[in-house]
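K.L.:
Sharing a structure with you now.
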Amino acid sequence: MLKINHIAKTFNPGTISEKVALTDVDIHLDEGEFVTVIGGNGAGKSTMLNAISGVFQVDCGTIEIGGQDVTNLPEYKRAAFVSRVFQDPRLGTASTMNIEENMALAMRRGQKRGLRWGISAAERKMYREQLHMLDLGLEDRLGSKVGLLSGGQRQALTLLMATIRTPKLLLLDEHTAALDPKTAANVLTLTQKLIEEQHLTALMVTHNMKDAIAIGNRLIMMNAGRIVVDVSGEQKKALTRDQLMKLFEKASGEELANDRMLLS
Amino acid sequence: MERQGCIRCSLLFVGGMIVELIKLINALPGAAAQGLIWGIMAIGVYITYRILDVADLTVDGSIATGGAVAAVMITSGWNVGVSLLAAFLAGVLAGLATGLFHTRMGIPAILSGILTQLGLYSINLRILGNKANMAISVNNFHLIVSSRNARQMSLENPILILVIFVAVLIGGMYWFFGTEYGCSLRATGANPNMARAQGINTETGKVVGLMLSNGIVSLSGALLAQYQGFADVGMGRGAIVIGLAAVIIGEVVFGKLFHNFALKLMTVAVGAILYYLVIQVVLWLGLNTNDLKLLTALVVGVFLAIPHWRSRLVSSARRKGGQHA
Ligand SMILES: Nc1ncnc2c1ncn2[C@@H]1O[C@H](COP(=O)(O)OP(=O)(O)O)[C@@H](O)[C@H]1O
Ligand SMILES: [Mg+2]
């Protein structure tokens, strides 16, 4: 479903603020794989997700989604395949537009937008039903500005919007990190439910190692702009925190050894 | 004797007051008509400034372009309707130029607008046949609006005609921004990252918005030229500030009242009328016409600062609250 072939990305090349964010990322995802992504701050997790969604062009390598090469497609065209939920709840919705308008925008992701009316009555009914499932009381507030909602409500709405038109790939970038623990747990449960129901292929960045182990059917760990740990299948099911720490130490230790070799 | 003089004196005073008041009242229809024309212009500004969140300075030039195109076409025998349409399209082209500067050449929006505005000055002079202005007298041509009819009770009264214009324009805007495409433009202004994530081409959206906005502004210029009886290459100087004034006055006066999009656009038009009524009163009170632009700049500056001041007040209050807690 997703093929990332040896991509790299350096920000501000040739300047004092030059920053190598991805050194060499190479990963293939099968349809229905739900991958959790962990790694330290600045490891390149967000950069990888942004590269996939086309926020910027990569320096080298190719990206394929559902068999189509999207490496040179602009961000808005990749939206036909990819949907996203960001860390900041304000980023995923338009706060000055109301709930149904936001959902109608998501409903038309990757579709042609013409001069038909922006929302139909049938859609509105469907939105109300979908919102009802969230159990947040939003079904009675279709006309409320999204800016009035709490962070958790906005994030739940963003998730709903990301899956209202089934994407080939769902990207979640620490989408529960800005929420309080209880809300975060609810949003995470909703995430799992939506992904399972629609059998989505997804990448979910999290800073919570426990979640990363417990959720999904594959786990990758990033360090210094590359993927250093990749476990799936039975190994992922049996994975423990200690094992993961060891794997990480081994991977990053090798890196240190490599660096030393380079320096000598 | 003394008492009589006093009565005569106060009679004279009251009489003078009445004369002055009548002067003001006589000036009000004209102010309302001008306000309506600038209301159309301000609706154009609203599209960029409020909907797309782009500060577009092209308008100072495109309003004069509209005036020039209409004046030249009407004086060379074209029908008013065709001339208005041509003025609209000329404005659309001006918006396209700014949009391309901004999105295809990566020039900041404000600077893109300034570039187009500067270039338009030369173009407008050319349209006017290398003259700074051109008369279109209502005596010689059939015009759709003229200041001469401002106090006439007839179907030719510009206020009536302009109210119809504004109503049709607001209806059209309400429809357009309710369509799928219009919604995508609103999303582009509200949250460009989200818009792109939903598959919206935000760059093209900005260009389309700038084109539409400047088309409307140019149309208002075509109406203004007819209303005042001439087009002038400098008729758009400071137009953006008047447009902003209308938007902001409308929001400050009616902001909490209306949430419906059509009503919001109406408040913009009413804001422009209020602006011209206030200007009329200020002039009546004895202010020099030459000082108007300074006054406008100061008033708009203060209104633009209000949200900033308000948020500073709120956050400092919160800080103090935090210390007590
Ligand atoms: N747009 C950008 N411009 C410059 N540097 C960036 C940009 N985005 C990310 N970086 C840098 O790239 C590195 C990886 O960042 P990121 O992918 O955000 O890490 P994380 O794994 O914490 O999500 C960091 O050092 C970050 O500072
Ligand atoms: Mg990150």
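The values are calculated or read from the model by the stated rules, or taken from the named source; none is laboratory data. Here the structure is a predicted model, which is why all the values come from computation and not from measurement. Positions of Cβ are generated from backbone atoms using ideal geometry, with glycine treated the same way; all protein chains shown enter the neighbour counts.
K.L.:
Can you work out which of the residues in region A:1-19 that are hydrophobic (A, V, I, L, M, F, W, C) and modelled with pLDDT of 95 or more is farthest from A:Leu49 (Cα to Cα)?
P.N.:
Filtering region A:1-19 for residues hydrophobic (A, V, I, L, M, F, W, C) gives A:1-2, A:4, A:7-8, A:11, A:16.
Okay, now just the ones that are also modelled with pLDDT of 95 or more, so A:2, A:4, A:7-8, A:11.
Details: A:Leu2: 12, A:Ile4: 11, A:Ile7: 12, A:Ala8: 13, A:Phe11: 15 Å.
Checking each candidate, the answer is A:Phe11.
K.L.:
Of the residues A:Leu131, A:Leu171, only one is hydrophobic (A, V, I, L, M, F, W, C), touching a helix residue (DSSP H, G or I) at 6+ places or on another chain (Cβ under 8 Å) and not in a helix (DSSP H, G or I); which? Outline the logic, then answer.
P.N.:
On the way: A:Leu131 fails: not in a helix (DSSP H, G or I).
The match here is A:Leu171.
K.L.:
For the condition under 14 Å from the mean Cα position of the chain (by Cα) and not hydroxyl-bearing (Ser, Thr, Tyr), what is the one hit in B:Val314, B:Val282, B:Val247, B:Val252?
P.N.:
Numbers: B:Val314 fails: under 14 Å from the mean Cα position of the chain (by Cα); B:Val282 fails: under 14 Å from the mean Cα position of the chain (by Cα); B:Val252 fails: under 14 Å from the mean Cα position of the chain (by Cα).
Within the list B:Val314, B:Val282, B:Val247, B:Val252, the selection yields B:Val247.
K.L.:
Looking only at residues in region B:171-192 that are touching a strand residue (DSSP E or B) at 6+ places or on another chain (Cβ under 9 Å) and at the interface with chain A (Cβ under 7 Å from one of its Cβ atoms), which one is nearest to B:Ile43 (Cα to Cα)? Before you say what the answer is, go through the steps one by one.
P.N.:
Within region B:171-192, the subset touching a strand residue (DSSP E or B) at 6+ places or on another chain (Cβ under 9 Å) is B:175, B:178-180.
Narrowing the set further to residues that are at the interface with chain A (Cβ under 7 Å from one of its Cβ atoms) leaves B:178-180.
Working: B:Gly178: 16, B:Thr179: 18, B:Glu180: 20 Å.
Step by step, filter region B:171-192, then rank; the result is B:Gly178.
K.L.:
Okay, next question. Quick check on A:Glu123: is it more than 14 Å from chain B (Cβ to nearest Cβ) and touching a helix residue (DSSP H, G or I) at 6+ places or on another chain (Cβ under 9 Å)? Spell out the reasoning first.
P.N.:
Values: more than 14 Å from chain B (Cβ to nearest Cβ): no; touching a helix residue (DSSP H, G or I) at 6+ places or on another chain (Cβ under 9 Å): yes.
So A:Glu123 fails the test.
K.L.:
Quick test for you: out of A:Ala43, A:Ala21, A:Ala8, pick the one residue that is part of a loop (DSSP other than H, G, I, E, B), away from chain B (no Cβ under 14 Å), within 13 Å of ligand 1 (Cβ to nearest atom) and touching a Gly at 6+ places or on another chain (Cβ under 8 Å).
P.N.:
Working: A:Ala21 fails: part of a loop (DSSP other than H, G, I, E, B); A:Ala8 fails: part of a loop (DSSP other than H, G, I, E, B).
Only one candidate passes the filter, namely A:Ala43.
K.L.:
Tell me which residues, restricted to region B:231-241, are under 21 Å from B:Val54 (Cβ atoms) and crowded, with 24+ Cβ neighbours inside 10 Å.
P.N.:
Selection gives B:Gly236, B:Ala239, B:Ile240.
K.L.:
Run down A:Ile27, A:Ile52 and say which single residue is away from chain B (no Cβ under 14 Å), more than 9 Å from ligand 1 (Cβ to nearest atom) and in contact with a strand residue (DSSP E or B) (Cβ under 8 Å, 6 or more places away or on another chain). It would help to see each step written out before you state the result.
P.N.:
Working: A:Ile52 fails: away from chain B (no Cβ under 14 Å).
From the options A:Ile27, A:Ile52, the qualifying one is A:Ile27.
K.L.:
Step by step: first the residues of region A:12-38, then only those that are among the small types (Gly, Ala, Ser) and without any contact (Cβ under 8 Å) to a residue 12 or more places away in the chain, then the one that is farthest from A:Val229 (Cα to Cα). Which residue is that? I'd like the intermediate steps shown before the answer.
P.N.:
The initial filter retains those residues of region A:12-38 that are among the small types (Gly, Ala, Ser), namely A:14, A:17, A:21, A:32.
From what is left, the residues that are without any contact (Cβ under 8 Å) to a residue 12 or more places away in the chain are A:14, A:17.
Numbers: A:Gly14: 30, A:Ser17: 28 Å.
If we take residues in region A:12-38 being among the small types (Gly, Ala, Ser) and without any contact (Cβ under 8 Å) to a residue 12 or more places away in the chain, then A:Gly14 is farthest from A:Val229 (Cα to Cα).
K.L.:
Within region A:81-119, how many residues are among the hydrophobic types (A, V, I, L, M, F, W, C), at the interface with another protein chain (Cβ under 8 Å from one of its Cβ atoms) and assigned to a helix (DSSP H, G or I)?
P.N.:
The number of residues fulfilling the criteria is 3.
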